[in-house]
Structure formats: C-alpha cells, structure tokens
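Here's the structure, in structure tokens; my notes come after.
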Amino acid sequence: DRIETPLQLKIKELSKKITFIVFIILIFIFILALINKYTILEIIMLCASLAVAAIPEGLPTVITITLSVGISNLAKKKTVVKQMQAVETLGAIDIICSDKTGTITQNKMTVKEEYVIDENMLNYICALCNDGLIYEDKYVGDPTETCLYEYLYNKKIDSLKLRKKCERILDIPFDSDRKMFTTLNKIDNEVYILCKGSMDSLIEKVNLSKNEKQEILDKVKNLSKDALRTLGFAYKKLNYVPKDIKELEKEENNLSFAGILGMIDPPRESVKKSVLLCKNAGIRPIMITGDSIDTAIAIAKNVGIIDNDSEAILGSELDKYNDEELKNIVKRYSVYARVNPSHKERIVFALQNSGKIVAMTGDGVNDAPAIKDAHVGVGMGITGTDVTKSASDIVLMDDSFSTIVVAVEEGRRIYNNIRNNIVFSLSSNFAEIFTIIIGLLTKTTILLPIYILFIDLVTDSIPSICLSFEKSEDSIMNKKPRGINKPLFTPFIKSCIASSAIIETIFVVLTYFISLKMYGQETAMSLALLSMVVQEIVYSISCRNLKESVVKQGLFSNKAMNYGLLLILLIELIVFVTPIGKLISITAIDISLILIVFLINFMAIFIYELIKPFLVKWFND
C-alpha cells in the first residue's frame, strides 16, 4: 500500500475537527432553541442550516480543481503527473534522492582520457561488446555505448563494418550486480570473449600481477577524481565455442587487459542553480549512483550537493548497519556510490523512518521498488523503462533534476492555495454560525436558512475556485518544508480563521441591527445577507496571500479571481435589484442603500490587510 500523502493526512485531521465542532455547536443550538421555545420544525430547520453553514462541503471539489490546475501547469513544464495527490506532496518534500546520470548530468558521454594496452583489441571490444544501434550514420542507445562508437569514428574506424564482419555468438547482458557486459564473437575465424565494465569488477578477472592491478586501480582513481567515468576492457581467446551463458560465464577469468577509457558526462547547466534553490528551500539533495565514489564526489562538488569527501559513502558500507542504525547513518551522507537496488530501498526507508518526506528518481527496472516506496516516485521520460514509469507518481519528460525543483515549487503553491481556501471557507462558515447564534441569543432572526444556502452555493463556491489559480508567493522557495507532522491548524491559521470570522460577524450584525431600527425586519435581514456577501468577497481577496499584502501579491494578477468576483457582483445585483430576489425571500431595496451598505462593508479590506503583520508576528505557523 502507498504511504498516505501529507494532504490526505491533513484532510483527515480537518474532517475530524470539523465533525467534532459541528456536533458540539448543534447540541448547543438545540438546547438554546428549546429554551427559547422554538417548535421542532424550526429547530430542525435551524440545525440543518447550521450544519450547511459549518461544513465546507465544496472543499473536496475545490481541492480537486486546485490539484488539476497544478497538473496542467506541470504538464507545460515537462512533468507528467500520474497520481493527483503527488502534486501536493511535492510541496512537502524534505529530500530529493536523484540518480546522477542523465538527471544531474547531461547523459552525453565523451571519451576524454585513454589508457591503452592493446589498441587493436580495445577497438574490437568498443564496437562488438556494444548494444548501441547504428542507423543511417546515427548512433542510438545507451550514451555510454554510443560514446564508444563516436570514439572509434574519431579514430576513422567503421563500427558498423566491424559488427557485420564479426558475428556475435552469445552475450551476458550488463546488470547492476555484475557491472559487466560480455559477448562471444568470431574475429578472423577465431573465438573471443570480449568484456567491458567497471574496473572494480574486471580487475579480479584479468591476468595481471598484484602490482599491475594496483597500478591500474590508481589510474582509475585519478581519472575518477577528475569527474571521469571509467570503463575497463578485457578479452580472452578460446579454442572452442561455449554452448550457453553458464559455460561462457565460467570462462570469465584469466582475461587479457586491453585498456581503460575515461569518459566525461558533464553536469546540466541548470543543476547548480537548482541545487542552491533546494538548499535555500530547506530541501536536501542526495545523489545516488552506480558510479565510483570518486566520480560521484567530483560531480556532487561541482553542482554544490556536497562540500567535502566525508559526505559520500559506498553502498557496500550500508550493509554493515541494521535498519535502526541506518536511520542515523543516512543523516550524515548526501552522496551514495556503487549502490544496488536494495541499497536504494533501504536509503528510502531509513529517510522516511526519520520523519522525512522523500522523492526518489530512477530509470531502470531495478529502481521501481524504491520509486514505489518513496512518498513521491519520479520516473524518467526519456531513459526510463515502462516498469519504472508505471511505478512512478510523476514522470519527467526531460529527465532533468531542475524540473523536479520546478515541480516542488508548484507543489508548494498548491498547498498554499488549498490552505488559503480552507481559511476562507472556515472563516466564512464560522461567521455564519456566530451570526445565527447571536440571533438566537437576541431572540431575532438575522439570516434565514435559505440565505445560508444561497451564500454557500454562490458566494463561497466561486471565490474558492478562483483561489485555486493564485500564483506562487515570491518567497515560496526561501522557506523550509512544512514537514509531515506539522498540523494544518497552526496557531497562525487559527488566528486567521478566528479574526476574520469575528470581523465578518461584527459587520453583519451591526448592519442588521442598524437597519432593523431604520427600515424594519425584512429589509434588515436582506441587508444583513448583503453584508455577509460583501464580507466574503472582501476576505476572499485578502486570502490570496495570508501573510503579505494583496497589493504585493498583485491586486489584479489573478485573472480567474477578477472574472469570478465580477460574476458574483452581477449575480448579487440581479438578486437584490430585480424581482428574482423574492424567490429567496429578499426584499426589494433601493439601489442607493445597496451601494451604501456595499461600500461600508468593503472597507473591511483595510482591516484584514492591516492585521496581517500582527498575526504573523504574534502567532507561530
């Protein structure tokens, strides 16, 4: 089963708290109504309207719309979202575990250094122990293998001609455990085993003295320190043809050493900036690779993931620790080299068990378990296998680390918009509840049940939808991740809901009682409804950014909000000025009085904006 996303956990928390609050309020109202000698029908109607007022029934729809908008935005930024909830989870990420090749680097290999013992056989191995395709003078396949074709081409050697000339009889494909690729070929009517792979794997199979082996390993280490990926080449002549892979594997010994090629896969130009952006946002980037530790360290230092060698560790070292010990070990390292798939899974679990929200990238079949286990699994659209893409929550169409960071920013925007929506909905709902309770305590009716339904259907729903389209705050990537255990209702959020609900209630109640003395009950109720509508419009504008001025956010930057509020104003104008309003018991009111009430209530925008810095200062978020 997939781990529940932070959003799912927060909505569960919200549902429980709202249910409990509504239950307590309904009991209180029921008792209060009985004391005031309401009829059973009146009590049922009152409780029903209160339940409607208290429960933000449109919130699930709004959350879905907000996530859908995020998915659409990410699609434009080369990210395909497969699991809708993952969009929001991206915004809570503490750690991005990224593959090196193709994600942090360009996946464009070029041979930079060579250490050749047998040039003729090395050329044969480059051409024949290779699964890259040659089609119309173009090289297609794994960048390491196509790089070898380029290397031969620069030496004026025709790889395609060699492949046609030298028949492949058998092969043992490369895998993450062997770290070798072996083929059996006929060369000039002789049978040869051709091997290429990591020197760590090849070194024990080549026919060299201990000193010669150490010399080669020292050479590999020096090349790796220059951020070069090293590939070793070896061969063996046979006097018979092995009949199957098992027999061929037995012959992988006493190989003749042909040489080493050092290849560079330069970092993507955008990665250094994205790593810095991650660190400013409190996100820890981690590199996990099958390459040597020296190559991994060189690349990681280049892009800013680590500052010193002590932050890197070999995958084999992780085998020394049990799962409980590993929880502390993973806190120390940001580069993992020579890892296998099981190491990836253990790293993910250890990070999650230490309370972190983890994104894991990968492209191979063996990466699928770790990707599935992570809070957000990230597959590669270019180099990724179908199995990996299937296990992923999102797929990067350009395989770039920088695109993950863009997706994280979008996730944070989405969370903020959902949270702003919750604040808007609950503050409005509590204002309606407070107004009804004040009506009960003063033995009068300020808002009819039909008014509550009208507010929820029109005035609440349209701004909620429009808030889903709000852009990111300028400082959104300069804040730490919110964490998986941080409650939705922080002291700051509670203060926003309480303060706005009280302000809305004061305006509505004052509008009602002043109008009651001047114009009578029916007009007073209608103007109280108008007051509530205007208050919700005003607070929806302020809710576009809970902490900073809406002017700084851009007063008219949310086009959806602009059109939405114009639509609400048009609906309210029709309802309050035309006979249509009678359908919901609204009394015809003079247009000048409507404008006066509207303008007075609209002044609340200054109060909402002025108290923002005080709420930020006084209450923790």
Does the range 272-317 hold any residues that are out of contact with any His (no Cβ under 6 Å at 6 or more places or on another chain) and small (Gly, Ala, Ser), and which are they?
274, 281, 282, 290, 292, 296, 298, 300, 304, 310, 312, 316
State which residue pairs qualify: first residue over 29 Å from residue 100 (Cα atoms) and inside the range 248-276, second residue polar (S, T, N, Q) and not in a loop (DSSP other than H, G, I, E, B) in any location, beta carbons under 7 Å apart, and separation of 6 or more residues or different chains.
248/182; 252/182
Residues satisfying the stated conditions in the range 569-621, i.e. acidic (Asp, Glu) and either in contact with a strand residue (DSSP E or B) (Cβ under 9 Å, 6 or more places away or on another chain) or surrounded by 15 or more Cβ atoms within 10 Å (Cβ to Cβ) (or both):
572, 609, 621
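Right, residue 430: closer than 23 Å to residue 602 by Cα, without any contact (Cβ under 8 Å) to a residue 40 or more places away in the chain and open to solvent by 30 Å² or more (accessible area, probe 1.4 Å) or not? Show your work before the answer.
On the way: closer than 23 Å to residue 602 by Cα: yes; without any contact (Cβ under 8 Å) to a residue 40 or more places away in the chain: no; open to solvent by 30 Å² or more (accessible area, probe 1.4 Å): yes.
Answer is no for this residue.
Can you tell me how many residues in the range 403-425 are more than 18 Å from residue 87 (Cβ to Cβ) and open to solvent by 10 Å² or more (accessible area, probe 1.4 Å)?
Quick first cut of the range 403-425, residues more than 18 Å from residue 87 (Cβ to Cβ) only: 423-425.
After this cut, where a residue has to be open to solvent by 10 Å² or more (accessible area, probe 1.4 Å) as well, the list is 425.
So the answer is 1.
Need a quick list: strands (runs of 3 or more DSSP E) entirely within the range 84-184 having at least 2 residues that are within 30 Å of residue 243 (Cα to Cα), at pLDDT 90 or above and of a type outside the set (A, V, I, L, M). Break it down stepwise before answering.
On the way: elements: 95-99, 110-116, 133-135, 138-140, 168-172.
It comes to 168-172.
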Kindly provide the set of residues from the range 13-49 that are outside any helix (DSSP H, G or I), among the polar types (S, T, N, Q) and either open to solvent by 90 Å² or more (accessible area, probe 1.4 Å) or at pLDDT 80 or above (or both), ordered by number.
none
Scan the range 463-478 and tell me whether some residue there is within 25 Å of residue 582 (Cα to Cα) and either of a type in the set (Val, Ile, Thr) or open to solvent by less than 20 Å² (accessible area, probe 1.4 Å) (or both).
yes
Positions within the range 368-387 being under 16 Å from residue 343 (Cα atoms) and open to solvent by 20 Å² or more (accessible area, probe 1.4 Å), in sequence order
369, 372, 373
Sort through 563, 539 and tell me the only one that's farther than 23 Å from residue 52 by Cα and either surrounded by fewer than 18 Cβ atoms within 10 Å (Cβ to Cβ) or within 31 Å of the chain's Cα centre (by Cα) (or both).
563
Checked the range 226-246 for anything surrounded by 12 or more Cβ atoms within 10 Å (Cβ to Cβ) and over 43 Å from the mean Cα position of the chain (by Cα); matches are 234, 235, 236, 238, 241, 242, 245
Return only the number of the condition from (1) assigned to a helix (DSSP H, G or I); (2) closer than 19 Å to residue 461 by Cα; (3) touching a residue at least 24 places away in the same chain (Cβ under 8 Å) that residue 562 does not satisfy.
(3)
Considering residues that are part of a strand (DSSP E or B) and either more than 44 Å from the chain's Cα centre (by Cα) or small (Gly, Ala, Ser) (or both), the number found within the range 247-265 is 6
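The values are calculated or read from the model by the stated rules, or taken from the named source; none is laboratory data. Keep in mind the model is a prediction, meaning the values are calculated, not measured. Quick reminder, even Gly has a Cβ in these numbers, built from the backbone with ideal geometry, and neighbours come from all protein chains shown. Areas reflect the complete protein model, heavy atoms only, side chains present, ligands, DNA and RNA absent. Shrake-Rupley method; radii C 1.70, N 1.55, O 1.52, S 1.80 Å.
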